[in-house]
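Worksheet for the structure shown next.
The values are calculated or read from the model by the stated rules, or taken from the named source; none is laboratory data. All figures in this text were calculated on a predicted structure; none of them were measured in a lab. Virtual Cβ from ideal backbone geometry, glycine too; neighbours counted across all protein chains shown.
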Amino acid sequence: MAPIVGAFICGLVLVLGVIVYLTSRSPFSAGPAIAGVGGPFALEDQDGKPFGDTDLRGRPYLVFFGFTHCPDICPTTLFDISQVMAKLGTDADRTGAVFITVDPERDTAAMMKDYLSSFDPHLRGATGDQKAIDAVEKAYRVYAKKVPTGNGDYSMDHTALVYLMDKQGRFVAPFKLDRKPEAAAADLRRYL
Ligand SMILES: [Cu+2]
């Protein structure tokens, strides 16, 4: 239990740290700081098809970084996003949600596909080679680090922020999931 609680607290600290970082860079104008988050990416989806930011143009979308072996934060977040998608009803087809792996070594397209079958079908997985993942992590200012857990096994420490991107693919704000799914869905609907 203790390591899981530790990992959770660590994740929480990372979330708060990133929010502080994202909101503190430019105290008098949120514009430039926000404009610096996100950017083009060229990865592949859970079917192994090319998948990039341009595939999401024209619809607001959520971006979340994580890994399929994550014990708590990733499944919880993906479950929350799934609930938001469900509350959106048919409007969900006009939005997007992307789960980008920070662990491409283990998270192959097939692995992502299997993992995402437990969540809302609007969630698309994105993986790629380490270089492509490094680039997208840098664009989103995501922190991700391998943590050995013994026996040659490892976990990943990572930023657990959900990014709300608008129709033009510009970062709007961190998307809050600690509220009723109806409220989160209504918030996302405002960007349709
Ligand atoms: Cu995680």
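Strands (runs of 3 or more DSSP E) wholly in region 146-186 with at least 1 residues that are within 13 Å of residue 80 (Cβ to Cβ) and within 16 Å of the ligand (Cβ to nearest atom) - which ones?
Details: elements: 153-158, 162-165, 171-174.
Output list reads 162-165.
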Taking the residues in region 59-84 that are of a type in the set (A, V, I, L, M) and in contact (Cβ under 8 Å) with a residue 60 or more places away in the chain as candidates, determine which candidate is farthest from residue 113 (Cα to Cα). 84
If you go through region 103-118 one residue at a time, do you hit one that is farther than 21 Å from residue 71 by Cβ and touching an Asp or Glu at 6+ places or on another chain (Cβ under 7 Å)? yes
Between a residue in region 144-159 that is closer than 13 Å to residue 105 by Cα and of a type in the set (S, T, N, Q) and any residue that is away from the ligand (no atom under 13 Å from the Cβ) and not in a strand (DSSP E or B), which pairs come within a Cβ distance under 9 Å, given they are 6 or more apart or on different chains? 155/3
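Pick from 71, 104: which is at pLDDT below 95 and closer than 25 Å to residue 146 by Cα?
Among 71, 104, only 71 is at pLDDT below 95 and closer than 25 Å to residue 146 by Cα.
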For residue 43, which of the numbered conditions (1) over 28 Å from residue 154 (Cα atoms); (2) modelled with pLDDT of 95 or more fails to hold? (1)
In this structure, does residue 124 turn out to be more than 15 Å from the ligand (Cβ to nearest atom), within 12 Å of residue 63 (Cα to Cα) and buried (at least 19 other Cβ atoms within 10 Å of the Cβ)? yes
Taking region 74-91 and the residues there that are buried (at least 20 other Cβ atoms within 10 Å of the Cβ) and hydrophobic (A, V, I, L, M, F, W, C), the one that is farthest from the ligand (Cβ to nearest atom) would be 88
Answer yes if at least one residue in region 157-174 is more than 12 Å from the chain's Cα centre (by Cα), within 14 Å of residue 99 (Cβ to Cβ) and modelled with pLDDT of 95 or more, and no otherwise. no
Which numbered condition trips up residue 166, out of (1) over 19 Å from residue 74 (Cα atoms); (2) out of contact with any strand residue (DSSP E or B) (no Cβ under 8 Å at 6 or more places or on another chain); (3) not hydroxyl-bearing (Ser, Thr, Tyr)? (2)
